[in-house]
1. I need the full set of residues from region 43-54 which are closer than 24 Å to Val117 by Cβ and assigned to a strand (DSSP E or B), in order please.
2. Identify, please: which residue in region 15-26 is closer than 9 Å to Ala46 by Cα and within 22 Å of the chain's Cα centre (by Cα) and is, among those, surrounded by the fewest Cβ atoms within 10 Å (Cβ to Cβ)?
3. Kindly check whether there is at least one residue in region 101-110 that is buried (at least 18 other Cβ atoms within 10 Å of the Cβ), under 20 Å from Ser33 (Cβ atoms) and not β-branched (Val, Ile, Thr).
4. Only residues that are surrounded by 19 or more Cβ atoms within 10 Å (Cβ to Cβ), part of a strand (DSSP E or B), among the hydrophobic types (A, V, I, L, M, F, W, C) and touching a Gly at 6+ places or on another chain (Cβ under 9 Å): list them for region 55-99, please.
5. Right, Gly119: more than 28 Å from Leu14 (Cα to Cα), loosely packed, with under 15 Cβ neighbours inside 10 Å and at pLDDT 90 or above or not?
6. Which ones in region 170-184 are surrounded by 11 or more Cβ atoms within 10 Å (Cβ to Cβ) and not aliphatic (A, V, I, L, M)?
7. Quick one: in region 27-54, which of the residues that are among the hydrophobic types (A, V, I, L, M, F, W, C) and touching a Pro at 6+ places or on another chain (Cβ under 9 Å) is surrounded by the fewest Cβ atoms within 10 Å (Cβ to Cβ)?
Amino acid sequence: MLDGLCDSAFDGVLEPGDACTSSIECARPERGSVTCDDRNGSGVCAREPEASEGEPCFWACKTEGSVTSCLGVGSMGDGSFEFPQCHFADGLYCGPDDRCQPLSVAGETCEGDHACVEGSHCNFASGSCVEALGEGEACTTGGCDADLFCKDGSCAPLVANGEPCDASDRCAEGRICEGGVCGGGFAALEIGLLCSFGAN
């Protein structure tokens, strides 16, 4: 899904299931994105349309700043090369029945953090959403708010760009930990190369 960010600069014509080498060759849905799916060794166009409540889904997506991350929680579909997305910003997640459902609030059941509203996470011991921990609160391995991580037994701010790190999930703004420092990351590099390629 990395090259999805520059899809809008090009008008692809290939339909779902057609052979491709890059997502910029594939026709986009009215709402959503496309990808050149090469998991089986050769690329084919697949659509990832934005779904509404009650509609079938595969991805649970959340946008933070300029970075959209999607978790594949649905089944692989019916072979139609359609992998619909439920978006956190719409108050939805991809539920266990592979349909977009409203996010759960604290006290309601959940299957993972992707099912809980902002400021909460899924407590797997109880199987329900609980309020996320704030800065300075005691933690074990997780449970901290979205812009925090568990460090030495308490929730601390994510590491800023250019600062030392030891894991990518501790970097702010979707950066990755490379060479012991939070930086721009492979995603930014690959997007730049794809857009440059497509513009030529």
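The values are calculated or read from the model by the stated rules, or taken from the named source; none is laboratory data. Just so we're clear, the structure is a prediction, and the values are computed from it rather than from any experiment. Here the Cβ positions follow ideal geometry from the backbone for every residue, glycine too, while neighbour counts run over all protein chains shown.
1. Passing the criteria: Glu48, Pro49, Glu50.
2. Pro16
3. The answer is no; no qualifying residue exists.
4. Trp59, Ala60, Cys86, Cys94
5. Numbers: more than 28 Å from Leu14 (Cα to Cα): yes; loosely packed, with under 15 Cβ neighbours inside 10 Å: yes; at pLDDT 90 or above: no.
For Gly119, the condition - more than 28 Å from Leu14 (Cα to Cα), loosely packed, with under 15 Cβ neighbours inside 10 Å and at pLDDT 90 or above - is not met.
6. If the condition is that a residue be surrounded by 11 or more Cβ atoms within 10 Å (Cβ to Cβ) and not aliphatic (A, V, I, L, M), then Arg170, Cys171, Glu173, Gly174, Arg175, Cys177, Glu178, Cys182, Gly183, Gly184 are the ones that fit.
7. Ala27
Conditions (1) of a type in the set (Val, Ile, Thr); (2) in contact with a His (Cβ under 6 Å, 6 or more places away or on another chain); (3) at pLDDT 90 or above, marked per residue:
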{"position": "Asp3", "(1), (2), (3)": "no, no, no"}
{"position": "Val13", "(1), (2), (3)": "yes, no, yes"}
{"position": "Ala27", "(1), (2), (3)": "no, no, yes"}
{"position": "Glu55", "(1), (2), (3)": "no, no, yes"}
{"position": "Cys70", "(1), (2), (3)": "no, no, no"}
